[in-house]
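The values are calculated or read from the model by the stated rules, or taken from the named source; none is laboratory data. None of these values were measured; they are calculated from a predicted model. Every residue, glycine as well, gets a Cβ built from its backbone with ideal geometry; the counts of neighbours run over all protein chains shown. The area values use the complete protein model at the heavy-atom level, side chains included, leaving out ligands, DNA and RNA. Shrake-Rupley method; radii C 1.70, N 1.55, O 1.52, S 1.80 Å.
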Amino acid sequence: MEVIKLKLDVTEIELDALIPHQTKSNPDQETIEGQARRLLLDIKELVTPTLLYEFCQPCFDERGLVLTFDGKKLAFSPEDGLSDLKAADEVFVGLATIGPAIEEKIEIYNSRNELLVSYILSELSVAVMGQVIKKIKNLLLDIARQRGYGVSLVHIPGSTPGLPLSLQPLIVEGLNGRAYGITVNEHDIIKPFYSVTFMVGMGSNYARDELLPKCPGCSRKDSCAWRNK
Ligand code: SF4
């Protein structure tokens, strides 16, 4: 299992995108922008963007897709919509997080009823996750190019149709997430909250050379970092 600390560049975060269109002509916009600029310092100090990943050899048997992590075999059942990975020479299994500190800060603002600050900080956290995802996409595509591979669609538990959130505990277990403070609750939600798990098939059987998720009809697709360059 590999761990990479990703570099964050807060100057790349577009504050303008955080402000809802209906408030753009509102005098409060200045205040929101000013607060966002100030909160970027919190972001810079508190987020620790990290990627845990493993390249696994895919093996399909009666249990479904069986992946081996450091000698530990985990079975992802056939109902989990992973048949697309049958064509893979290797499956990249990843878990990206920006760490727990920022959500703890958001909870503090919530407890003080400072809801605007909490809202801006959570939107900034989403923007940071977007930047992290873009970096991961570039990393993955570089690896695929170096190996002469194409890539599958990106499979994201809870987002990709047919991929339930219940895959997340398996991914966290396979990547030894607990050793990095990453846990999954009884609803299969990861803690830290600003985290994502995903799987991508790579191999000579795929013609695709760009990474896209398979989530038709998503209302956030125009701003989705998985979809956009
Ligand atoms: S399009 Fe993007 S934001 Fe929407 S569900 Fe898919 S991955 Fe998530």
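Annotations
- With a 1.4 Å probe rolled over the protein heavy atoms of all chains, the accessible area of Glu54, Glu107, Glu114 falls in the order Glu107, Glu114, Glu54, largest first.
- Only Cα pairs under 8 Å and 6+ residues apart enter the sum, and on that basis the relative contact order of the chain stands at 24 percent.
- Surface accessible to a 1.4 Å probe, Lys72 within the full protein complex, Å²: 80
- For the chain, the Cβ-based charge dipole about the Cα centre amounts to some 340 debye (Lys, Arg positive; Asp, Glu negative; other atoms uncharged).
- Sparse-neighbourhood loop sites, trypsin sites (Lys or Arg not before Pro) in region 143-218 - DSSP loop, at most 15 other Cβ within 10 angstrom: Arg208
- Charge dipole of the chain about the Cα centre (unit charges at C-beta), most positive-ward option of Ser122, Ile182, Ile156: Ile156
- Gain in span if fully extended, Arg147 to Arg38, counting 0.36 nm per residue against the direct Cα distance: 34.9 nm
- C-alpha long axis of helix 28-46 to longest principal axis of the chain, angle in °: 50
- Qualifying GluC sites (Glu not before Pro) in region 169-210, where qualification requires a DSSP coil assignment and no more than 12 other C-beta atoms within 10 Å, comprise Glu186, Glu210.
- The C-alpha atoms of the chain occupy a region whose extents along the principal axes are 60, 34, 30 Å, arranged from largest to smallest.
- Accessible-area rank, largest first, for Arg38, Arg227, Arg220: Arg220, Arg38, Arg227, with all protein chains present and a 1.4 angstrom probe.
- Distance between modelled label sites at Ser166 and Ser77, nm, 7 Å Cα→Cβ extension: 0.4
- For the listed residue pairs Lys5/Lys44; Lys7/Lys73; Lys7/Lys229; Lys5/Lys86, the alpha carbons are over 20 angstrom apart in Lys7/Lys73; Lys5/Lys86.
- Counting charges near Val172 (Lys, Arg +1; Asp, Glu -1) among other residues having Cβ under 11 Å from its Cβ returns a value of 0.
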